[in-house]
Amino acid sequence: MPQYVIERDLPGAGQLTPDELKAVSRTSCDVLDKLGPDIQWVHSYVTGDKIFCIYQSTGEALIREHARQGGFPVTAIHEIKSVINPATAG
C-alpha cells in the first residue's frame, strides 16, 4: 500500500498536552476504524505549529475523508516515493 506524508498546519501543536494529544489520537483511531483497512496511521511528528503524519492508504481521497470526518486540517499530501537514511550511502 502506498505511503503518504500529510502536512497539517496546527498553530501551537507543539504545546498540546499529553491529554490533548491522546484525545486527537483517539479521534483519529475512531475514524480509521470506521474507514476500514484501506487506510492506516503509521505515526506522526509534532512540531511547533505543524503535525506531519505518515499514513498508508490506497489513495489520497481516503486520507482527505479521514481528515474531514476527524476534523483535522490538511495542508498538503505527498506520496512517498523512496525512503533514504544513512545506510543508503552504503
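Quick notes on this one:
- With 5 Å bins from 0: P(r) over the chain, alpha-carbon pairs, percent: 3, 14, 23, 25, 16, 11, 5, 2, 0
- Magnitude of the charge dipole for the chain, about its Cα centre and with charges confined to Cβ atoms of Lys, Arg (+1) and Asp, Glu (-1), is about 60 debye.
- Calculated FRET efficiency for the pair residue 82/residue 27, C-beta based, R₀ 22 Å, to 0.05: 0.10
- With all protein chains in place and a 1.4 Å probe, the accessible surface of the chain carries 55 percent carbon and sulfur.
- Within straight-line cross-link reach of residue 81, aspartates and glutamates at Cα separation under 19 Å, skipping those fewer than 8 residues along the same chain: 7, 38, 60
- Hits among lysines - C-alpha to C-alpha of residue 22 under 21 Å, sequence gap 8 or more where chains match: 34, 50
- Net charge of neighbours whose Cβ lies under 11 Å from the Cβ of residue 50, counting Lys and Arg as +1 and Asp and Glu as -1: -2
- Local net charge near residue 28, Cβ-Cβ under 12 Å (Lys/Arg +1, Asp/Glu -1): +2
- Solvent exposure of the chain, expressed per residue, is 64 Å² of accessible area, with all protein chains present and a 1.4 angstrom probe.
- Mean residue ellipticity, 222 nm, helices only, the chain: the sum of -39500 (n - 2.57) across DSSP H runs of n ≥ 4, divided by residue count and rounded to 500, is -10500 deg cm²/dmol.
- Among 47-53, 70-76, the order from most to least packed when residues are scored by Cβ within 10 Å on average: 47-53, 70-76
- Electrostatic tally near residue 77: other residues with Cβ closer than 11 Å to its Cβ, Lys and Arg +1, Asp and Glu -1, net -1.
The values are calculated or read from the model by the stated rules, or taken from the named source; none is laboratory data. The model shown is predicted, which means the values in this text are computed figures rather than measured ones. When we count neighbours, we look across all protein chains shown, and the Cβ atoms used for this are built from the backbone with ideal geometry, even at glycine. Keep in mind that these areas ignore ligands, DNA and RNA; they rest on the heavy atoms of the full protein, side chains included. Shrake-Rupley method; radii C 1.70, N 1.55, O 1.52, S 1.80 Å.
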